[in-house]
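Okay, so here's the structure we're looking at.
The values are calculated or read from the model by the stated rules, or taken from the named source; none is laboratory data. Bear in mind the structure is a predicted one, so any value in this text is a computation, not a measurement. Cβ atoms come from the backbone with ideal geometry, glycine included; neighbour counts cover every protein chain shown. Calculation scope for accessible area: heavy atoms of the full protein, side chains included, ligands and nucleic acids excluded. Shrake-Rupley method; radii C 1.70, N 1.55, O 1.52, S 1.80 Å.
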Amino acid sequence: MAIQNLKPDVYSVGSRDWDRRLFDSLIPLPDGTSYNAYLIKGSEKTALIDSVDPVKSSELLDNLKKIGVKKLDYLISNHAEQDHSGAIPDVLASFPETMVVTNEKCKSFLMDHLLIPAEKFITVKDGETISLGNKTLEFVLTPWVHWPETMVTHLREDKILFTCDFFGSHLATSDLYVKEEPLVLENAKRYYAEIMMPFRTIIKKNIKKVEALEFDMIAPSHGPVFDKPKVILDAYKDWISDRVENVVILAYVSMHESTEKMAGYLTDLLIDRGIKVKPFNLIETDLGELAMSLVDAATIVLGTPTVLVGPHPAAVYAATLVNALRPKTRFATVIGSFGWAGQAVETIQKNMSNLKLEYLEPVLSKGHPKKSDYDALEKLADEIAKKHKTLDN
Ligand code: FEO
């Protein structure tokens, strides 16, 4: 990645991964990603904020060489996940004098995951600082802005907040700063949904904590830098709020078209009632799109045929994912079909037990849907419309 200047003696030195299309063998990356690392040259000491994914470590080391870094005093590790920490051993091999600065928990993770020896660390507590001479780094613990050890680093004099995953987006772009706001916010929302949404409550506290600091720039370790921090702070405040929208997520899978017909019929009924519907055929869908839609939808309807006695495995997978992501969805139900008997509803409910959902009457047809099933879907659509009218937004 080209070296880019944020402020005097503050450089972006990480790497863009234009072609990466999957993260954690799970998360689709339609627009690639970046692993941002930042070099800060103080009058007395030099520090690197985070590293990069290990596949890109030579790019990071080349950039440090191009800038002419002869001595790297500190490597600040805000988060132990390997897309930011994986190149630390290579940096330490090139700069044997470097000390890794992080909190106690992150230190133990880095020792476990990357086998970095204990004597290579300086540990810091919440609010502690390190001086680089004319620049001061302040460390603020912000647990669960992805993992329990996450923290942010505040560069006081230059008013920059280095947040690692927090406020990031999986987006490879040549822009250093946010230029295409809608594109960045869409990717940031997708990222929030996939990574941050399960920790909504604690994120509220962390936002309050970081807002007490003085900064005019948020520099995450994925995606572009926010030179207008209000843009992403306001977006996060909306996503973590209790507000839900008049939206139904209809995630379904079908084997012999019965469930598909019911899903299509229900979609039209909901549209007729002024409800925004987002159907996701689970065999085709991008799970990131589904996650992003869950950020503010009021209702989720899972559509599934019965395979043997349970729901289709694709529906179980979707329910498990929803359960892990813990969206603020208020209402849920199941529609679908069965051949002879089944426990689709019970199994789906069990798989979404983390969520505080009000379940609406399910609609299950025996075989091909008949008039009584379509009538039941009409009733369900009415019920959803009624519930959505009560939303206290
Ligand atoms: Fe970008 Fe949680 O690592």
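Compared with the direct C-alpha span, the chain from LYS356 to LYS65 gains 99.5 nm at full extension, assuming 0.36 nm per residue. Across the chain, the volume of the C-alpha convex hull divided among the residues equals 134 Å³ per residue. Placing a pseudo-label 7 Å from each Cα along the Cα-to-Cβ vector at LEU26 and ILE271 gives an inter-label distance of 3.4 nm. Accessible area per residue was computed with a 1.4 Å probe on protein heavy atoms; ARG156 scores about 110 Å². Once the Cβ-Cβ distance of GLU245 and VAL309 is raised to the sixth power relative to R0 = 35 Å, the FRET efficiency obtained is 0.50. Using only Cα atoms, tell me the angle between helix 229-240 and the longest principal axis of the chain; keep it within 0 to 90° and round to the nearest 10. So the helix axis and the longest Cα principal axis differ by about 40 degrees.
R0 = 56 Å: FRET efficiency of TRP18 with GLU257, Cβ-based, nearest 0.05?
Details: r = 40 Å, r/R0 = 0.71.
Using R0 = 56 Å, I get an efficiency of 0.90.
Loop-resident trypsin sites (Lys or Arg not before Pro) (DSSP state other than H, G, I, E or B) in region 163-202 with no more than 10 further Cβ atoms inside 10 Å of their Cβ are absent. Please say if region 157-274 is rounded, prolate or oblate, where rounded means a/c under 1.5 for a ≥ b ≥ c the square roots of the C-alpha gyration tensor eigenvalues, and otherwise the choice is prolate for a/b larger than b/c and oblate otherwise? It comes out prolate by the Cα gyration axes. The chymotrypsin sites (Phe, Trp or Tyr not before Pro) found in region 32-105 include none that occupy coil by DSSP while having at most 11 further C-beta atoms within 10 Å. Accessible surface computed residue by residue for region 234-278, with neighbouring protein chains in place and a 1.4 Å probe, gives 44 Å² per residue.
Using just its DSSP H runs of length 4 or more, each adding -39500 (n - 2.57), the chain gives a mean residue ellipticity at 222 nm of -10000 deg cm²/dmol after division by all residues.
Only Lys, Arg, Asp and Glu carry charge here, each on its Cβ (+1 for the first two, -1 for the last two); on that basis region 249-388 has a dipole of about 360 debye about its Cα centre. The alpha carbon centroids of region 199-249 and region 85-109 are separated by 28 Å.
Taking each residue as 0.36 nm, the span from LYS366 to LEU391 lengthens on full extension beyond its C-alpha to C-alpha distance by 5.7 nm. For the pair GLU378 and LYS237, label points projected 7 Å from Cα toward Cβ lie 4.6 nm apart.
Using a cut-off of under 16 Å, list every residue of region 245-275 whose amide N is near the label point 7 Å from the Cα of GLU346 along the Cα-to-beta-carbon line. Taking a point 7 Å out along Cα→Cβ of GLU346, no residue of region 245-275 has its backbone N under 16 Å. Extension gain for LYS7-THR129 works out to 41.9 nm (0.36 nm per residue, less the C-alpha to C-alpha distance). The trypsin sites (Lys or Arg not before Pro) of region 29-77 that DSSP puts in a loop, and whose beta carbon has at most 13 other beta carbons within 10 Å, are LYS70, LYS71.
Here the accessible area of region 140-189 is 54 percent carbon and sulfur, with a 1.4 angstrom probe and all protein chains present.
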